[in-house]
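Below is one structure, written out as structure tokens; the observations come after it.
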Amino acid sequence: MFNLVIFGAPGSGKGTQSEKLIAEYGLHHISTGELLRSHIKQDTELGRVADKYISKGQLIPDELMIDILASELDAHPEVKGVIFDGFPRTIPQAQALKKMLAERGTKVHAVVGLEVEEKELIDRLVKRGIESGRSDDNPETIQARLKVYHAQTSPLRDYYMEEGNYKAVAGTGSIDDIFANIRDSLAGIQE
Ligand code: ATP
Ligand code: MG
């Protein structure tokens, strides 16, 4: 397998660049945000739990998130590789991912870190909120999400730097330029 993590703050463009990575490398997309939003839409039990956290800008508890991830992996055993988008978001999630992949004889080959200034992130999320109607894309929840990102998620940058597979990519400019930089950063990485 060839597995990538796409990493970055809320609004850094993980979903957008994932689409392009799927097309280029034929990978399976696991977006925890999209998965949870689809549960909320269908009003499942998980959706109702998730909504309480998401609408406040908080993270879903690690144990629950890790279980969801494991079942997603098991549901698609035949894939060439996976793009993890929105997971891991905490150190325990990263440790769990490492273990899950090791149990399946594989690993995280690279972590693409989209780096974007805070002001730009806020602009993008506010704009997206006007069109998306997402319950978490309003100014108050955006602030909460950025706080959570700094406290719980950004430490993963150092975690993956130490693991030796973190690839920093500037997340500003045109979508195609950013993607070209991602491709360059992944050149030469082998299964
Ligand atoms: P981007 O704009 O870069 O795609 P995003 O901040 O919009 O990022 P999503 O990945 O769509 O975020 O996630 C939306 C919400 O879903 C999060 O704020 C969080 O409440 C919940 N969530 C998603 N993934 C996780 C996770 N791995 N652990 C805990 N909660 C999560
Ligand atoms: Mg997203």
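Quick notes on this one:
- Pair list, Cβ under 9 Å, 6 or more apart: segment 55-84 residue farther than 18 Å from Val111 by Cβ and touching a residue at least 40 places away in the same chain (Cβ under 8 Å), other residue charged (D, E, K, R) and crowded, with 18+ Cβ neighbours inside 10 Å: Ser55/Asp136; Lys56/Asp136; Gly57/Asp136; Gly57/Arg145; Gln58/Arg145; Leu59/Arg89
- Leu69 being more than 8 Å from ligand 1 (Cβ to nearest atom), surrounded by 14 or more Cβ atoms within 10 Å (Cβ to Cβ) and assigned to a helix (DSSP H, G or I): no
- Of the candidates Ser38, Ser18, the single residue that is more than 24 Å from Asp158 (Cβ to Cβ) and outside any strand (DSSP E or B) is Ser38.
- When restricted to residues that are more than 19 Å from Gly15 (Cβ to Cβ) and within 16 Å of ligand 2 (Cβ to nearest atom), segment 117-143 contains 0.
- Phe7 being within 13 Å of the chain's Cα centre (by Cα) and either closer than 21 Å to Arg134 by Cβ or more than 9 Å from ligand 1 (Cβ to nearest atom) (or both): yes
- Selection count where residues are within 13 Å of ligand 1 (Cβ to nearest atom) and either over 13 Å from the mean Cα position of the chain (by Cα) or not in a helix (DSSP H, G or I) (or both), scope segment 22-35: 3
- Some residue of segment 88-104 being under 14 Å from His29 (Cα atoms) and either surrounded by fewer than 16 Cβ atoms within 10 Å (Cβ to Cβ) or among the charged types (D, E, K, R) (or both): no
- Filter pass, Ser12 being surrounded by 21 or more Cβ atoms within 10 Å (Cβ to Cβ) and polar (S, T, N, Q): yes
Values quoted throughout were computed directly from the atomic coordinates according to the rules given, and no laboratory measurement underlies them. Only a predicted model underlies this, so the values are computations on that prediction, with no experimental measurement involved. In this analysis, Cβ positions are derived from the backbone assuming ideal geometry, glycine residues included, and neighbour counts consider all displayed protein chains.
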